[in-house]
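Any read-out appearing in this document is the output of simple, stated calculations on the displayed coordinates, not a laboratory observation. Please read these numbers as outputs of a predicted model, since none were measured by experiment. Cβ placement follows ideal geometry from the backbone for every residue including glycine, while neighbour counts extend to all protein chains displayed.
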Amino acid sequence: MRRLNVDIDDVVLEKALKNAKYTSPTIQKEILHILANKVKKKICEEVKDAKFYIFVDEAKDASNKEQMAIVFRFIDI
């Protein structure tokens, strides 16, 4: 198994409480918020001043659950 970040692995996997599940809605929302910010920052770094568009489509699937697709396209200069 390849470990990508030894520092994170040490804290999260080695020193974390063994009974921690991180399944509460508050923790899940916080994790998603952190990841969303990192993704947003990376996209902004790549796009800079390029022309772009965002296409959003929403529909209900066979089980009557709403599904949303988001397409983000930009010109890579």
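Spin-label model, Cys44/Asn19: points 7 Å from Cα along the beta carbon direction are separated by 4.0 nm.
Quick one: net charge of Leu35's neighbours, Cβ under 12 Å, K/R +1, D/E -1? The partial results should precede the final answer.
On the way: positive: Lys29, Lys38, Lys40, Lys41, Lys42; negative: Glu30.
Local charge sum for Leu35: +4.
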